[in-house]
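Scroll down for the structure; my scribbles are underneath it.
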Amino acid sequence: MSITEERRAAVIGTPMLRREDPALLTGEAKFTNDIPIPGALYLGVLRSPYAHAKILSVDVSAAMAFPGVVAAYGGADLTALWAAPMPCAWPVTADMKNPPHYPVAVDKACYAGDAVAVVLANDDRVAHDALELIDVRYEALPAVIDLEEALSDRVVIHAGAGTNKAYTWDLKCESHEGAVDEAFAAATHHVKERYIQQRLLPMFMEPRACAAVPQPFGGDMTLYSSTQIPHILKVMTALTLGIPEQQMRVVAPAVGGGFGGKLNVYAEELLCVALSRKLGVPVRWNEERAENAMSTIHGRGQIQDIELAADADGKLTAVRVRLIADMGAYLQLVTPGVPLLGAFLYAGVYDLPVAYDFSCTSVFTTMTPTDAYRGAGRPEATYAIERAMDSLAAKLGIDPLELRKRNFIRKDQYPYTAFSGLTYDSGDHLAAAEKAAELVGYEALRAQQATQNVDAGTKRLGIGVSSYFEMCGLAPSRVLASLNYSAGGWEAATVRILATNKIQVVTGATPHGQGHVTSWSMIVADKLGVAPEDVDVLHSDTAISPLGLDTYGSRSLVVGGVAIAMACDRVIDKARKIAAHQLEAAPEDLDFIDGTFSVKGSPDRATPLAAIAFAAFTAHDLPEGVEPNLEAHVTYDPPNFSWPFGTHICVVEVDTETGHVDILKYVAVDDCGVQINPMIVDGQVHGGVVQGLAQALYEVASYDENGNLRNGSLAEYLVPAASDVPSVTTGHTVTPSPTNLLGVKGIGEAGTIGAAPAVINAVVDALSGLGVTDMMMPASPMTVWNTIKAAQAGSTTGGK
């Protein structure tokens, strides 16, 4: 029996408290704003109050005269600092429009919050006060906030682009030319729906912060940033500012949440580094919450038109999707690629013939740029297909869960080659759905609903189902190349056994709440037969971990974790040669079990890994050709995406008099393959579900007709409190991935992907007897009440 097999019951698969938490709970963890930096200047950023305006002049003289101010600049004063515009790493088409975007606008502000001037002062408050003294003269221009209006080009935001359309990207998959049209023409049933993905604010607990610290000589620069991507930020900062990459070091200290909002290269990071180089002193910036709502990317923002064709039994025969995606005013790091991350998933977990027609047109608006937000394209796709499946079930007059069962890809069809040519690694959707139905008490709830909703009472019961697929890991690199993504999908890891048998792990995956230190320790403990507490995980500093592609897209475990497991195997292989030399046996004649090498058939001839580690360190008696020390480095590029899946079921009670939605039960059954730490898995699911139901019921970044964000603070932007969140019942099926040696899949975004459609399906289900067929998100009491009244007045479109 291998060490992995023997210790998995004790290490992998065991719920363990996170090793990271004591430092966070006791205040020992240091966030960017906690780092003392003597002599640092504070950056203040003046932002445009207009969504769209020409900048006629910028006068900073009064700010310069303010006590404590060291420097002040308009955009025109800083142009020499930029070697290139701010980066967009995903030019999805050759003709994509990408208007130059600089950290401080020069001639024109394109959204409310666009930086127009900066101040450097010796105190944070002084910097903010001095901003009020800067005199900027504007010529206001019409705002563009409606996506379809933006496509008309009545008001073109970027004159150099000549249009508001950024790109159109198509994915048409047909068994033969005309297959999609033929399927719709022959369909017994056809549904066509329009859904709106509202804008969302990431609203992480710790607003962004950064600090640039120059070395006294030589030109080296250290950037501390509350970022998800220190390695990518290092490369992009070097390119944008013309700094030799080897002179840039980026450190991500403790990071208070990200959710994709910190997966970016922001103007303030570039400003801190550029101004620090210019003045030769440290420069730091701390974001305030109201500033965060304007200066940090937003998520979602789509109009979705989806059509399903089905035969008489409800079996899907074709899917057609047309998206309009809101890019905001500029393209940030991966803005244009976000819709593509969901482009392959609008057929969901269903066995669809090769008849799929997807097209996305993305447009510029005069709103804050959008970019990746937890799930990034996958929640949007799942919402559309799962809402449409409920519409199809209603048309057929069958139970929504039954319709899904008729269409699921069967377990025996895996590995499954999809209409797109992608291979789905493993799955058992029926098992997940049946387990969720059992946990929620589905049949009993349907019986209760049949009685409760026919009464004249105001409390109506609804049950919503959502079965999802997630395409995660953001790899392999060759596939990313085919999508024009500028980076790869690999990850790097080093495993080093010290002389005293303590383990150092260096990882390129950068944690910001996922529990990497705990999970990576468990993988190493499982592989090497050591205690998890003897494993030290080094991360988030490009000087310590020079290679890496960071954390996003549920990639950490399936790429970074697997790289660590592979490095452990290489360390064992090297240790095996040394052990064989000491035991006078052939390497292939040795077992390695529970941290000890022994000769097969002669267990008394054995040596522990600790002895091998010390022998490798002293190098007194090593086999010929074997180098000292036990260390291995792996750069792993996966052969496929990973494909987690699951079924979520939400039970709600809707008060038809007030519009209030009360979630009575929520069951999430997810399959992420082999679980390293079930406690962390459940935590990720709980957090994801809360963010999904927040989109469904609470959150929207609301703009007025002039392009001003109405609800930029937590006093106005609704996020669910603990008292608003239901108890989430989690369940799991385990279908190992055959494409990696750990059998793992991602889990960090699963809850968000499954939750929103489950909640809205439940709300619509509760109100279907009143003629409601759709519900706009967020389903606030006012929205629900208005939708009921519209349906009662004879509207057939509900909340549309």
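Just a few scattered comments:
- Failed criterion for Glu245 (all others in (1) in contact with a helix residue (DSSP H, G or I) (Cβ under 6 Å, 6 or more places away or on another chain); (2) open to solvent by less than 30 Å² (accessible area, probe 1.4 Å) hold): (2)
- Pairs with Cβ under 7 Å, 6+ apart, first in the range 152-166 and over 14 Å from Asp95 (Cα atoms) and without any contact (Cβ under 8 Å) to a residue 40 or more places away in the chain, second hydroxyl-bearing (Ser, Thr, Tyr) and surrounded by 14 or more Cβ atoms within 10 Å (Cβ to Cβ): Asp153/Thr163; Val156/Thr163
- Restricting the range 102-156 to residues that are of a type in the set (Ser, Thr, Tyr) and touching a Ser or Thr at 6+ places or on another chain (Cβ under 8 Å), the residue that is most open to solvent (accessible area, probe 1.4 Å) is Tyr102.
- Conditions (1) in a loop (DSSP other than H, G, I, E, B); (2) open to solvent by less than 30 Å² (accessible area, probe 1.4 Å): number failed by Gly219: (2)
- Wholly enclosed strands (runs of 3 or more DSSP E) of the range 88-175 bearing at least 2 residues closer than 30 Å to Thr417 by Cα: 165-174
- Test set (1) in a strand (DSSP E or B); (2) over 29 Å from the mean Cα position of the chain (by Cα); (3) surrounded by 18 or more Cβ atoms within 10 Å (Cβ to Cβ) - Gln197 fails condition number: (2)
- Failed criterion for Thr237 (all others in (1) touching a residue at least 40 places away in the same chain (Cβ under 8 Å); (2) open to solvent by less than 10 Å² (accessible area, probe 1.4 Å); (3) not in a loop (DSSP other than H, G, I, E, B) hold): (1)
- Cross-chain or 6+ apart pairs with Cβ under 9 Å, the range 696-715 first and closer than 16 Å to Asp326 by Cβ, then part of a helix (DSSP H, G or I): Glu699/Gln691; Ala701/Ala293; Leu709/Ala293; Leu709/Met294
- In the range 644-702, the residues that are in contact with a Ser or Thr (Cβ under 9 Å, 6 or more places away or on another chain), open to solvent by 30 Å² or more (accessible area, probe 1.4 Å) and in a strand (DSSP E or B): Lys665
- Considering only residues in the range 596-621 that are small (Gly, Ala, Ser) and at pLDDT 95 or above, the one that is surrounded by the most Cβ atoms within 10 Å (Cβ to Cβ) turns out to be Ala613.
- When Gly751, Gly769, Gly731 are screened for being open to solvent by less than 10 Å² (accessible area, probe 1.4 Å), touching a residue at least 24 places away in the same chain (Cβ under 8 Å), outside any loop (DSSP other than H, G, I, E, B) and out of contact with any Gly (no Cβ under 7 Å at 6 or more places or on another chain), only Gly731 passes.
- Residue count for the range 629-642, restricted to those that are open to solvent by 70 Å² or more (accessible area, probe 1.4 Å), at negative phi and either hydroxyl-bearing (Ser, Thr, Tyr) or not in a strand (DSSP E or B) (or both): 2
- Qualifying residue in the range 329-345 (condition: open to solvent by 10 Å² or more (accessible area, probe 1.4 Å) and over 30 Å from Arg208 (Cβ atoms)): yes
- Helices (runs of 4 or more DSSP H) fully within the range 354-460 that include at least 1 residues being open to solvent by 10 Å² or more (accessible area, probe 1.4 Å) and polar (S, T, N, Q): 378-396, 442-452.
- You will find that of Asp526, Asp550, Asp534, the residue that is of a type outside the set (Gly, Ala, Ser), within 18 Å of Val11 (Cα to Cα) and in contact with a helix residue (DSSP H, G or I) (Cβ under 6 Å, 6 or more places away or on another chain) is Asp526 and no other.
- Subset tally (residues that are more than 15 Å from Pro336 (Cα to Cα) and open to solvent by 30 Å² or more (accessible area, probe 1.4 Å)) for the range 164-176: 4
- Residue pairs whose Cβ atoms lie under 7 Å apart, separated by 6 or more positions or on different chains, with the first residue in the range 354-383 and within 24 Å of Gln228 (Cα to Cα) and at pLDDT 95 or above and the second in a loop (DSSP other than H, G, I, E, B) and of a type in the set (Val, Ile, Thr), are Met367/Ile145; Thr368/Ile297; Pro369/Ile297; Thr370/Ile297; Asp371/Ile297; Asp371/Val334; Ala372/Val334.
- Of Ile306, Ile297, all but one fail to be under 21 Å from Leu43 (Cα atoms), out of contact with any Cys (no Cβ under 6 Å at 6 or more places or on another chain) and open to solvent by less than 10 Å² (accessible area, probe 1.4 Å); the exception is Ile297.
- Of all the residues in the range 477-503, those that are closer than 28 Å to Gly646 by Cα and open to solvent by less than 10 Å² (accessible area, probe 1.4 Å) number 3.
The values are calculated or read from the model by the stated rules, or taken from the named source; none is laboratory data. Predicted, not measured: the structure shown is a model, and the values here were computed from it. Methodologically, a virtual Cβ is constructed for each residue, glycine included, from the backbone with ideal geometry; neighbour enumeration extends over all protein chains shown. All accessible areas refer to the heavy atoms of the entire protein, side chains included, with ligands and DNA or RNA removed. Shrake-Rupley method; radii C 1.70, N 1.55, O 1.52, S 1.80 Å.
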